[in-house]
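Here's the structure we're looking at; comments come further down.
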There are 2 protein chains.
Amino acid sequence: MISTASLSDKAQITDITARAGVFSQEEIDSVPVMFDEYLEYGTEGDGYNFLVYREGEQVLGYAIFGYRDLTEGVYDLYWIAVDPNARRKGVGRALVTACEEAVRDLGGRMLIAETSGTAEYASTREFYVRTGYVNEATIKDFYKPGDDLKIFVKRV
Amino acid sequence: MISTASLSDKAQITDITARAGVFSQEEIDSVPVMFDEYLEYGTEGDGYNFLVYREGEQVLGYAIFGYRDLTEGVYDLYWIAVDPNARRKGVGRALVTACEEAVRDLGGRMLIAETSGTAEYASTREFYVRTGYVNEATIKDFYKPGDDLKIFVKRV
């Protein structure tokens, strides 16, 4: 059900991002760019890794993670997006688990998920806590005044 | 004395990095790559900005800073390197101040300096504290086991 993404998933990935309701226009626009880099360079070096959750031909969600430069074994969990019509089916949790397994397979030892401290992202923060991440650091007013950076960490 | 870097500074910048004694080989190797990007794209978008401190023809130190994606007005102070033969002349402090002025001119409101928690970087951390940065966050074992990430922040 979960596998690495391929070219044919691009349209559905882009569509889910736009419909997820939590991403800024800048973030939405960045997804096809990251996806093209992923297709061109694969998982080598400091590229992006896309995993998709499929039910038949339909993509229900996807995750992006990637190696953090200058570290030994740290990976960023950039984000997880689930189709709003496929919520409460465990898609997000399954994607997190798959990312963690992929990171372990790559010799990684830590995942980092950075998110916002605003009310809008409360369910995202709760999701990370439920899946075993700890809010180890906060930078006030990082994204913009009133919008803190919350760094969630899980050691795998 | 401080100005934006130009092509003719590249060799001295590379040389100072190698001789500074605090950078890993990976970091040393990354400097010419960042410098070429800086020359090609300038300070637009999410590029690197290089400032150099010159005395006549000689470069005594340099600083790299750059806009942090997805933020309003946050800039990373990637690093400051000073020629070991030019220490205790205020070169580092002058470069930090110049970066802060440049960031303000670009409409920025915050600088972030990430460094290591190891004994080797004690003088770097003391330097940031002396120049008004606050260690607002720490991620244990980030760079590698026993080597924490220290995030220093200054609001300008």
Principal axis lengths of the protein assembly as shown from Cα atoms, whole Å, largest first?
67, 37, 34
Zone residues, the stretch B:100-144, relative to A:ARG155, backbone N less than 20 Å from point 7 Å out along Cα-to-Cβ
B:115-119, B:137-144
Efficiency of FRET between B:ARG104 and A:ARG93 - r from beta-carbon atoms, R0 51 angstrom, step 0.05
0.70
Taking every pair of alpha-carbon atoms in the stretch B:2-155, give the share separated by more than 21 Å as a whole percent.
43
How far apart, in nm, are the 7 Å Cα→Cβ label points at B:VAL129 and B:LEU7?
4.4
Could you let me know the centre-to-centre spacing of the stretch A:3-26 and the stretch A:97-152, using Cα atoms, in angstrom?
20
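Helix-only estimate, please: 222 nm mean residue ellipticity of chain A, summing -39500 (n - 2.57) across DSSP H runs of length 4 or more and dividing by its residues, to the nearest 500. Numbers along the way, then the final one.
Details: 4 runs with 51 residues, N = 156.
Value at 222 nm, helices only: -10500 deg cm²/dmol.
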Assuming a ≥ b ≥ c are the square roots of the Cα gyration tensor eigenvalues, decide whether the stretch B:88-142 counts as rounded (a/c under 1.5), prolate (otherwise, with a/b larger than b/c) or oblate.
oblate
Please compute the contact order of chain A in relative form: average sequence separation of alpha-carbon pairs under 8 Å and at least six residues apart, divided by the residue count, as a percent.
18
In the B-onto-A rotation, chain B's nearest residue to the axis by C-beta, with distance in whole Å, turns out to be B:ALA137, 2
Please name whichever of B:VAL153, B:LEU106, B:GLN12 sits farthest to the positive end of the charge dipole of chain B, dipole taken about the Cα centre and charges placed at Cβ: Lys and Arg +1, Asp and Glu -1.
B:VAL153
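Any read-out appearing in this document is the output of simple, stated calculations on the displayed coordinates, not a laboratory observation. Everything quoted here is computed from the prediction, not taken from an experiment. Using ideal geometry, Cβ is built from the backbone for each residue, glycine included, and neighbour counts are taken over all protein chains shown.
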